[in-house]
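For reference, the structure discussed in these notes is given below.
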Amino acid sequence: MTRTSQILEFRNVSLGEASTTEFAEPGDEYGIFLITRDGLAVEDLDALDPITVRIVAPSDENATPVFKHLLNRKIEASATMVREFDKPIGNITVD
């Protein structure tokens, strides 16, 4: 979560009233959302299960003057990755 907050701060992205230090709850309008299989905690996921981080921000506070036609909208971005293996894989040989 800290790295996500740093990136948003570096890029001057405002989430309005939403927190940048905690994940948003389902139903929140803006914030940083963690989406996992069946809503499980990351620790409970299996290796290679998808994890999505979705950011929703108000356009009013983030639009530059050139893009003022985008007011009163939501700006959304997401990234999906997979959970890594729980244990390191050892003794693998590649021929």
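Counting only other residues whose beta carbon sits under 15 Å from that of GLY27, what net charge do I get with K and R as +1, D and E as -1?
-3
Would you calculate, for the chain, the mean residue ellipticity at 222 nm contributed by helices, counting each DSSP H stretch of 4 or more residues as -39,500 (n - 2.57) and dividing by all residues, to the nearest 500?
My calculation for the chain gives -2500 deg cm²/dmol from helical runs alone.
With all protein chains present, calculate the accessible area of VAL42 using a 1.4 Å probe and round the result to the nearest 10 Å².
Surface open to solvent at VAL42 totals about 50 Å².
Per q in 0.16, 0.18, 0.22 1/Å, what log10 I(q)/I(0) does a Debye calculation on the alpha-carbon atoms of the chain return?
The Cα Debye sum returns log10 ratios of -0.75, -0.87, -1.13.
Excluding ASP38 itself, what net charge comes from residues whose Cβ is under 14 Å from its Cβ, given Lys and Arg +1 and Asp and Glu -1?
Value of the local net charge: -2.
Work through the residues other than PRO58 whose Cβ is under 13 Å from its Cβ and net out their charges, Lys, Arg +1 and Asp, Glu -1.
Spelling it out: positives minus negatives among the neighbours equals -4.
For the pair LEU34/ASP46, report the inter-label distance in nm, with labels modelled 7 Å from Cα in the Cβ direction.
2.1
Run the numbers on the chain and let me know its relative contact order in percent, using alpha-carbon pairs under 8 Å that are six or more apart.
The value is 23 percent.
The values are calculated or read from the model by the stated rules, or taken from the named source; none is laboratory data. Since the model is a prediction, treat every value here as computed from it, not as a measurement. Here the Cβ is made from the backbone with ideal geometry for all residues, glycine too, and neighbour counts use every protein chain on show. These area figures cover heavy atoms from the full protein model, side chains too; ligands, DNA and RNA do not enter into them. Shrake-Rupley method; radii C 1.70, N 1.55, O 1.52, S 1.80 Å.
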